[in-house]
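Everything on this sheet refers to the single structure shown next.
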Amino acid sequence: KQEVTQIPAALSVPEGENLVLNCSFTDSAIYNLQWFRQDPGKGLTSLLLIQSSQREQTSGRLNASLDKSSGRSTLYIAASQPGDSATYLCAPSRANAGKSTFGDGTTLTVKP
Amino acid sequence: DTAVSQTPKYLVTQMGNDKSIKCEQNLGHDTMYWYKQDSKKFLKIMFSYNNKELIINETVPNRFSPKSPDKAHLNLHINSLELGDSAVYFCASSQDPPLNTQYFGPGTRLTVL
């Protein structure tokens, strides 16, 4: 059974800082891993998807890395902004049927 | 314009009632999902359908019955609602791999009194 842990559970930083969110998973037989953002009272928005054969993906100020063999992924946010404040969730997908297991998330607060 | 839509957005009902939540996607995706997010914000998959066929059925009480009339719709019917069913239910969809980024609906907040 896949278990996903995200560290830290909460993070508060001043605007402009670079930061790293961590995700670890117990079953390395994954097909891909997706990072999502969830704003309070809203649905999830996909940020980045990394296929199991890839090492990293970049989108704007976001960079996600994947080390499948060690069961780890990181989400790097450069030059953080108050608008980045949200809960970030990682979700490895075990099979190409798209069964994803979600971590508990990291709640990020970026202070102006 | 909305990619994945759910109705209703809020649902308040009494214990023992039967209710349905509807989901529609206009992205042309083949796979649709139902997730439950509990009060502690933990998100867990319940069901997944691919081309109207059930492919994932997690350990969910059989009071929950998904129905997929066509590829663009996946509805969730819940019988004999219990207090513990109170949660936010999210619908999502994705294309078949490798393009299986999941797109989520806005959620339905179910409150059972």
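In summary, the aspartates and glutamates within cross-link reach of residue B:41, defined as a Cα separation below 17 angstrom excluding same-chain residues under 8 places away, comprise A:3, A:39, A:104, B:85. In this simple spin-label model, placing a label point 7 Å from the Cα along the Cα-to-Cβ direction at both residue B:52 and residue A:17 gives a separation of 5.3 nm. Residues in chain A average 46 Å² of solvent-accessible surface per residue, probe 1.4 Å, ligands and nucleic acids excluded.
Pairs from the list B:44/B:71; A:1/A:42; A:111/B:36 with a Cα-Cα gap above 24 Å: A:1/A:42; A:111/B:36. Computed over region B:47-113, the P(r) curve from all C-alpha pair distances, binned at 5 Å from the origin, holds 4, 14, 23, 27, 18, 9, 4, 1, 0 percent per bin. Between residue A:45 and residue B:18, the modelled labels are 3.9 nm apart [label points 7 Å from Cα along Cα→Cβ]. Interface B-A: total buried accessible area of about 1600 Å², 1.4 Å probe, protein heavy atoms only.
Ordering A:66, A:53, A:90 by the projection of their Cα atoms onto the charge dipole of chain A, which places +1 on the Cβ of Lys and Arg and -1 on the Cβ of Asp and Glu, puts A:53 at the extreme positive end. Taking Cα centre as origin and charging only the Cβ of basic (Lys, Arg, +1) and acidic (Asp, Glu, -1) residues, the dipole magnitude of region B:1-52 rounds to 260 debye.
Counting only protein heavy atoms and a probe of 1.4 Å, the accessible surface of region B:44-113 is 52% carbon and sulfur. Where does the Debye-calculated log10 I(q)/I(0) of region B:39-80 sit at q = 0.22, 0.35 Å⁻¹, using only Cα point scatterers of equal weight, no solvent? The Cα Debye sum returns log10 ratios of -0.79, -1.21. Shown here for region A:6-99: trypsin sites (Lys or Arg not before Pro) in loop regions (DSSP other than H, G, I, E, B) with at most 15 other Cβ atoms within 10 Å, namely A:42, A:55, A:61. Measuring nothing but how far apart in sequence close Cα pairs (under 8 Å, 6+ apart) lie, relative to its length, chain B scores a relative contact order of 37 percent. Short version: which residues of region B:43-57 lose at least 50 Å² of accessible area, all chains versus chain alone, 1.4 Å probe? At a threshold of 50 Å² (probe 1.4 Å), the residues of region B:43-57 that become less exposed are B:43.
Under a 5 Å amide H cut-off, with hydrogens placed 1.01 Å from N, residue A:109 pairs with A:11, A:12, A:13 among residues at least 5 apart or on other chains. The string of couplings for region B:48-65 from the Karplus curve (6.51, -1.76, 1.60, θ = phi - 60°) is 9, 10, 10, 6, 6, 10, 5, 10, 10, 9, 6, 6, 10, x, 6, 5, 9, 9 Hz, one whole number per residue in order, with x for Gly and Pro.
Relative to the globular-protein estimate of 2.2 N^0.38 Å, the Cα radius of gyration of the protein assembly as shown stands at 1.01.
Between the DSSP loop rule and a limit of at most 10 other Cβ atoms within 10 Å, which chymotrypsin sites (Phe, Trp or Tyr not before Pro) in region B:1-76 are left? Taking region B:1-76 and a limit of 10 other Cβ atoms within 10 Å, no loop chymotrypsin sites (Phe, Trp or Tyr not before Pro) are found. Listed values for region A:10-26 are Karplus-derived 3J(HN,Hα) couplings in whole Hz (6.51 cos²θ - 1.76 cosθ + 1.60, θ = phi - 60°), namely 8, 8, 10, 9, x, 3, x, 6, 8, 9, 10, 10, 10, 9, 10, 9, 8, and x replaces Gly and Pro.
A simple spin-label model places pseudo-atoms 7 Å from Cα toward Cβ; at residue B:44 and residue A:29 they are separated by 2.2 nm.
The values are calculated or read from the model by the stated rules, or taken from the named source; none is laboratory data. Remember, it's a predicted structure, so these values are computed and weren't measured experimentally. Every residue, glycine as well, gets a Cβ built from its backbone with ideal geometry; the counts of neighbours run over all protein chains shown. Note: areas computed on protein heavy atoms with side chains; ligands, DNA, RNA excluded. Shrake-Rupley method; radii C 1.70, N 1.55, O 1.52, S 1.80 Å.
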